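Asks: Structure provided below as structure tokens; questions to follow.
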Amino acid sequence: MTDIDTPVNNGVNTEALLGAREALSDAPEAAEFTWRANCSWVGGTFSQTTVDGFSGLGQEHHHKTPYSFDADHPECFASEDRGATPPEILLAALASCLTAGVASVAQHRQIQLRSVTATVEGKMNVLGILGADPDIRNGFNDVTVQFDIDADASREDIQAIVAQSQKRSAVYDMVTNPTRVAVEVS
Amino acid sequence: MTASATRIPVVIIGAGHAGLAMSHRLSERSISHVVLERGEVANSWRTERWDSLCLLTPNWQSQLPGSGYSGDDPNGYMSMPEVADFITTYAATISAPVNSLTTVTRVSAANGGYVVETDRGIWVCDSVVIASGAANIANVPAIASETPASVTQVTAMAYRSPNDLDDRPVLVVGASATGVQLADEISRSGRAVTISVGEHVRMPRCYRERDVFWWMDKAGVLDERHDEVDDVVRARHLPSPQLIGTPDHRSIDLNALTDRGVEIVGRLGRISDGVAQFSGSLANVCMMADLKMNRLLQRFDDWAEGAGVADLGPSTRFDATRVPSPARLELSFAEDDIGTIIWATGYRPDYSWLDVPVLDRKGRLRHDGGVVGAPGLYVTGLNVLRRRRSSFINGAERDSEELSSHLQQYLERGVSN
Ligand SMILES: Cc1cc2nc3c(=O)[nH]c(=O)nc-3n(C[C@H](O)[C@H](O)[C@H](O)COP(=O)(O)OP(=O)(O)OC[C@H]3O[C@@H](n4cnc5c(N)ncnc54)[C@H](O)[C@@H]3O)c2cc1C
């Protein structure tokens, strides 16, 4: 168990999050967020995506600095491999979303984390994207996330934290549930 | 309009067990009142439940103020006719002033009190107790409108028996007590059944040779108060536990359904072009339910040890929920020849007649332990109204005591203050 003198600190301000939950329940319009990304084709299968502005809490926000993501396909797909594949970026999004959840839930439950690593795998049969077999889907058939967590807690408590982080994860929800996507041309 | 109105201190809306318990408490306190009921006493149990339903709470727990279960099977579970008889007998025992076949159509505030309009006259009163039930309307998700026309849609409220369904396979959506009970019964009727499972509450019927409600009662689970539980909104919207009341006291978890040949799929996410899509989160919702069940059993064990209770069976843990791997993510209504969807997706109260601004943005009544945010207005019979026990018939005993005490003080302080 954690020493009584050392407060649990996973670096997550759960009081602020709980406060926000309370405040936003009473002001549901402020809870409407829009996340944005801008993608530019560079050449070949290489593109660069930048995120900067988003809206929420009734106003516009900017990240401290814009962040960008390079995406490409690897050489075995006859590309130049100038960035991660988009499915890998999705795996990164899933893993980081769940990991943030683990830290927050552990903080809320007063459990000190020492280390958290996640190994994510997505299995895909590329006959789908190649259009070679109509019975095979394009996307992942199966995604597995393997968490390795060192914390002051029982195995059951750690399992419960991981389960709760899935329950509250935006990316996990988007990957496991159908989402309406409208793609238009301007 | 008030020319023909009847003046009375208190109007109770609804003659289910909760309204009747309040009636008894007000009579004890010599507070004159009337109970308005759109049907007959125990209308919900007579007209809104499926044929085979038995309570999932044991008979000994059907205890109302001033009267309780007196039959010879305290550990059994009442059938619907038995529940209706039990409540009707109760109404007679306490001489409840019930006006049956009287539907309340509007309640509005006026002159520091309330005007209660019905299809049989108007009552003007100082205080109103809403006891019209927690389950007046069956919830049906918006995606239901995408269901192909070849499929018959039935809510759990309209469902009566498998005999009313055609012989084709059935999709049951929802895995609370209602969903698992209907999946079980329809599967036993010989039809193929798929059940769509979101978050659910798993519990064994019996643990260490005692009913799970004995444990929850003794270990203090049912007495956790609304202002003590971690997250009252969550507690109030928790699905009912996967339990069934049968003479053999069997459990009805997802493993039992799988053993019967029922197919388990994830939460229904979308229906489009004749295909239902299910969430890939099935393994996680099952894991959460297993973990929570084990925490509950641990709490029981800890309590038993602390209280020094002997003559219990050995402490055990149950098999983890077997999640089909891979679980099906899609179902084509045509290819699977689905004949019926049963929406077992919960119930909600109907407050369409309530013309007092006390509902939140989701149409839920704002209240603190049954004391509604308008003077003299009370509600009873809702999930975790004042404590976990409030969700069950048994909760009315203390809830009615506390709310009637509050109501009496309100009347005595002088309504106009
Ligand atoms: C399927 C199901 C199974 C359940 N199983 C159990 C169980 O095993 N054990 C347990 O303890 N609890 C069980 N419950 C929970 C709980 O006991 C019920 O929700 C219970 O009916 C609540 O009691 P009540 O008196 O508040 O409401 P009800 O019994 O619903 O009574 C409300 C009354 O108000 C009347 N009414 C409604 N609107 C109006 C109006 N506008 N004007 C006049 N009258 C009106 C209705 O006709 C009804 O008679 C179950 C609930 C459901 C839905």
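Asks: At a Cα cut-off below 17 Å, give the aspartates and glutamates reachable from A:LYS64, other chains included and same-chain residues fewer than 8 away excluded.
Replies: A:ASP52
Asks: Do any residues of region B:278-308 show a loss of at least 50 square angstrom of accessible area between the isolated chain and the full protein assembly, using a 1.4 Å probe, and if so which?
Replies: B:ASN284, B:MET288, B:LEU291
Asks: Show me you know the interface measure: the accessible area buried between A and B, both chains summed, probe 1.4 Å, in Å² to the nearest 100.
Replies: Protein heavy atoms only, the A-B interface buries about 1400 Å².
Asks: Something else about it: Roughly how crowded by other chains is peptide A:154-167, in terms of the mean Cβ count from those chains within 10 Å of each of its Cβ atoms?
Replies: If you average over the peptide's residues, the count of other-chain Cβ atoms is 3.
Asks: For region B:138-343, give the percent of accessible area contributed by carbon and sulfur heavy atoms, probe 1.4 Å, rounded to a whole number.
Replies: After summing per-atom areas, the C and S share lands at 49 percent.
Asks: Leaving ligands, DNA and RNA out of it, work out the accessible area of B:TRP303 with a 1.4 Å probe and give it in Å² to the nearest 10.
Replies: For B:TRP303, the solvent-accessible surface is approximately 70 Å².
Asks: Within the P(r) computed for the protein assembly as shown, what percentage of the Cα pairs occupies the region above 44 Å?
Replies: 29
Asks: Also, quick follow-up: Cα-based Rg (one decimal) and Dmax (whole number) for region B:170-225, in Å?
Replies: 14.7, 43
Asks: When we measure straight from the Cα of A:LYS167, which lysines land under 27 angstrom away, once same-chain ones fewer than 8 places off are left out?
Replies: A:LYS123, B:LYS292, B:LYS362
Asks: Hey, what's chain B come to in accessible area per residue, 1.4 Å probe, Å²?
Replies: Spelled out: the 1.4 Å probe surface of chain B, per residue, equals 42 Å².
Asks: Might you work out the accessible area of B:ASP337 for me, using a 1.4 Å probe with all protein chains in place, and round it to the nearest 10 Å²?
Replies: Probe radius 1.4 Å; accessible area of B:ASP337 about 70 Å².
Asks: Can you list the residues of region B:255-274 whose accessible area drops by at least 30 Å² going from the chain on its own to the full set of protein chains, with a 1.4 Å probe?
Replies: B:ARG270
Asks: To continue, here is another question. Compute the separation of the alpha-carbon centres of region B:1-73 and region A:136-186 and state it in Å as a whole number.
Replies: 46
Asks: Follow-up. Any idea of the accessible area per residue across chain A, 1.4 Å probe, to the nearest Å²?
Replies: 68
Asks: Next question, about the same structure. How much of the accessible area of region A:54-185, in percent, comes from carbon and sulfur atoms when a 1.4 Å probe is used?
Replies: After summing per-atom areas, the C and S share lands at 52 percent.
Asks: Any idea how far the Cα center of region B:342-417 sits from the one of region B:284-311, in Å?
Replies: Between the Cα centre of region B:342-417 and that of region B:284-311, the gap is 31 Å.
Asks: Within a Cβ distance under 14 Å of A:GLY101, other residues only, what is the Lys/Arg minus Asp/Glu net charge?
Replies: Summing Lys/Arg as +1 and Asp/Glu as -1 gives +2.
Asks: Which GluC sites (Glu not before Pro) from region B:227-331 combine a DSSP loop assignment with at most 11 other Cβ atoms within 10 Å?
Replies: Here the GluC sites (Glu not before Pro) that fit, given the DSSP loop and packing criteria, are B:GLU228.
Asks: So for B:ARG202, B:ARG225, what's the accessible-area order with a 1.4 Å probe, most first?
Replies: Heavy-atom accessible area, descending, gives B:ARG225, B:ARG202.
Asks: Of the options A:VAL185, A:PHE46, A:ALA106, report the single residue whose Cα projects farthest towards the positive end of the charge dipole of chain A (beta-carbon charges: Lys, Arg +1; Asp, Glu -1).
Replies: Comparing the listed Cα positions along the dipole, A:VAL185 ranks first.
Asks: Hey, got a sec? Which GluC sites (Glu not before Pro) in region A:1-55 land in a DSSP loop and have at most 14 other Cβ atoms within 10 Å?
Replies: A:GLU32
The values are calculated or read from the model by the stated rules, or taken from the named source; none is laboratory data. Just so you know, these numbers come straight off a predicted model, no measurement behind them. Glycine also receives a Cβ, built like all others from the backbone with ideal geometry; neighbour counts cover every protein chain displayed. All accessible areas refer to the heavy atoms of the entire protein, side chains included, with ligands and DNA or RNA removed. Shrake-Rupley method; radii C 1.70, N 1.55, O 1.52, S 1.80 Å.
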